[in-house]
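Okay, so here's the structure we're looking at.
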Amino acid sequence: MKASTLVAALVLAAAGQAEAPAETPPLTVDKTERVEVRLVLIDALVLDRRDRTVPGLTRDDFEVIVDGDLREIDTLDTACFPGPLDDPRGVRDVSRRPPPSAADEPRQLVLAFDYMHMSQFQRLEVLLAAQEMVRHGTSYDEQIMVAALTDRLRVEQPFTADRQRTVATLERMENDLTLWSRRFDHLHELRWFDLLTSLLDILGTREGPKAVVLYSDLLGAADEYDPQYALLATTAAAARARFYPVSARGLEIPHPNNPFGQPTGGSPALARIAMDSGGRLTRDTNDFSLGYARAQRDLSCRYTVGFYEPRDGGRQKRVHLRVRRPGARVVHPGTIAPRTEQAARAA
């Protein structure tokens with residue numbers, strides 16, 4: 001090779017090395033992003049076109065949508081009677097009601113009596129009906145709690161599977177002058193919402209789903225107290241509790257000249273807390289055990305869907321569950337939000 005050619009090659013090689021960019025060392029950032037998430041559990045009831053329970057579903061049959069976005073299902077816990085269960089019907093004699101179906105785990109039910117909104121006659125009537133209901137319509141493995149809403153929340157009996165003890169508690173309440181003879185007048189319903197929320201905070205300390213059978217004659221509108229309804233709904237979802245309100249008026253013939261009569265379709269307020277929590281309102285019947293029977297049936301076929309969700313500072317979110325079964329529909333709480341420990345402790 002000629003000397004001039006060798007020199008030119010060396011010059012070009014040196015120039016190429018000079019133009020090549022040096023490797024940039026990775027940038028070290030000592031900041032990390034932390035997103036706090038929680039496992040959300042939603043108890044779902046799946047019904048067919050005849051309002052019978054639908055057993056045998058798997059995780060692939062469900063979809064979870066939160067605020068319009070699809071979420072991945074992490075867990076599915078199933079506690080369901082093997083066959084479809086019919087929707088309970090009203091009966092004239094509670095002792096003739098078919099026994100409740102078997103359950104994979106003990107059912108947890110709360111009998112809550114709303115003394116703030118029931119007359120003295122209604123209080124006595126529902127207590128007598130509840131006594132017969134527990135005597136004849138309760139399985140031996142059921143856990144029952146009894147509570148009264150007065151000017152405060154009174155837990156008359158903690159959860160127990162002793163059926164005779166529950167009947168004795170209801171008999172004692174029947175003769176308790178501080179309950180049936182007092183008037184609990186109030187100007188607004190804020191205290192009533194506080195008492196129910198406190199009850200849910202108590203239920204949230206126990207594992208598993210619960211049903212609150214609420215005997216009441218509340219006739220409030222469903223478009224008032226929106227913040228209180230929203231808090232009640234999210235607290236119920238966090239406690240895994242559903243409301244099954246029972247109208248203490250029983251079977252009532254509407255009269256056009258009676259301004260104090262029950263609105264068509266029952267109490268809008270009781271209907272809303274039932275719908276928001278995934279429960280059901282019982283009205284226009286003198287069978288006060290029907291709401292209890294419905295709660296028993298629903299707890300006998302339950303799907304618990306679990307998924308992870310950011311806390312987002314406690315923001316409320318809309319939840320929608322769908323099931324891939326023709327003709328099936330899902331009943332479940334429609335709103336979730338984390339209940340802070342501070343708020344629960346204050347309640």
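Summing charges over all other residues whose Cβ lies under 11 Å from the Cβ of ALA271, with Lys and Arg as +1 and Asp and Glu as -1, gives +2. Placing unit charges on each Cβ (+1 for Lys and Arg, -1 for Asp and Glu) gives the chain a dipole about its Cα centre, and among LEU196, THR285, PRO158 the Cα reaching farthest toward its positive end belongs to THR285.
Sites listed here are trypsin sites (Lys or Arg not before Pro) in segment 163-241 whose DSSP assignment is loop and whose Cβ has at most 12 other Cβ atoms within 10 Å: ARG183. For the chain, the longest principal axis of the C-alpha atoms and the axis of helix 226-239 are separated by about 80°. With a simple spin-label model that places each label point 7 Å from the Cα along the Cα-to-Cβ direction, the separation between ARG71 and HIS188 comes to 3.2 nm. Taking chymotrypsin sites (Phe, Trp or Tyr not before Pro) as candidate sites, keep only those in a DSSP loop with at most 15 other Cβ atoms within 10 Å, then name the longest stretch of the chain containing none of them. Result for the longest clean stretch: 1-139.
With K and R counted +1 and D and E -1, the other residues having a Cβ less than 13 Å from that of THR205 yield a net charge of +2. The phi torsions of segment 83-88, fed into the Karplus equation with coefficients 6.51, -1.76 and 1.60 and a -60° offset, translate into couplings of x, x, 10, 6, 6, x Hz, rounded to whole numbers, with Gly and Pro shown as x. From the Cα gyration tensor of the chain, with a ≥ b ≥ c the square roots of its eigenvalues, which class applies: rounded if a/c is under 1.5, or else prolate if a/b is larger than b/c, or else oblate? Taking the square roots of the gyration eigenvalues as a ≥ b ≥ c, the chain is prolate. Overall, the anisotropy analysis places segment 126-229 in the oblate class: the square-rooted eigenvalues a ≥ b ≥ c of its C-alpha gyration tensor yield a/c not less than 1.5, with a/b not exceeding b/c.
Sequence-ordered 3J(HN,Hα) estimates for segment 62-74 from the Karplus curve with 6.51, -1.76 and 1.60 and θ = phi - 60° stand at 10, 10, 10, 10, 10, 6, x, 10, 6, 10, 7, 7, 8 Hz, glycine and proline given as x. Of the GluC sites (Glu not before Pro) in segment 64-164, the ones in a loop by DSSP (not H, G, I, E or B) with at most 15 other beta carbons within 10 Å are GLU72. Other residues lying with their Cβ under 14 Å from the Cβ of ARG249 contribute a combined charge of -4, Lys and Arg counting +1, Asp and Glu -1. Using a Gaussian network model of the chain in which every pair of alpha carbons under 10 angstrom is joined by a spring, one finds that among VAL213, VAL305, VAL66 the greatest mean-square fluctuation is at VAL66. Remark: accessible surface ordering of THR282, THR75 (largest first) is THR75, THR282, probe radius 1.4 Å. Would you compute, from DSSP H runs of 4+ residues alone, the mean residue ellipticity of the chain at 222 nm, taking -39500 (n - 2.57) per run and dividing by the full residue count, rounded to the nearest 500? Helices in the chain give a 222 nm mean residue ellipticity of -9500 deg cm²/dmol.
For the residues VAL54, VAL37, VAL134, a GNM of the chain with alpha-carbon springs under 10 Å puts the largest fluctuation on VAL37.
Taking the chain as a Gaussian network of alpha-carbon nodes connected by springs under 10 Å, the highest mean-square fluctuation of the residues ASP287, ASP51, ASP43 belongs to ASP51.
The values are calculated or read from the model by the stated rules, or taken from the named source; none is laboratory data. Here the structure is a predicted model, which is why all the values come from computation and not from measurement. Here the Cβ is made from the backbone with ideal geometry for all residues, glycine too, and neighbour counts use every protein chain on show. In case anyone asks, the SASA skips ligands and DNA or RNA and just uses the protein heavy atoms, side chains included. Shrake-Rupley method; radii C 1.70, N 1.55, O 1.52, S 1.80 Å.
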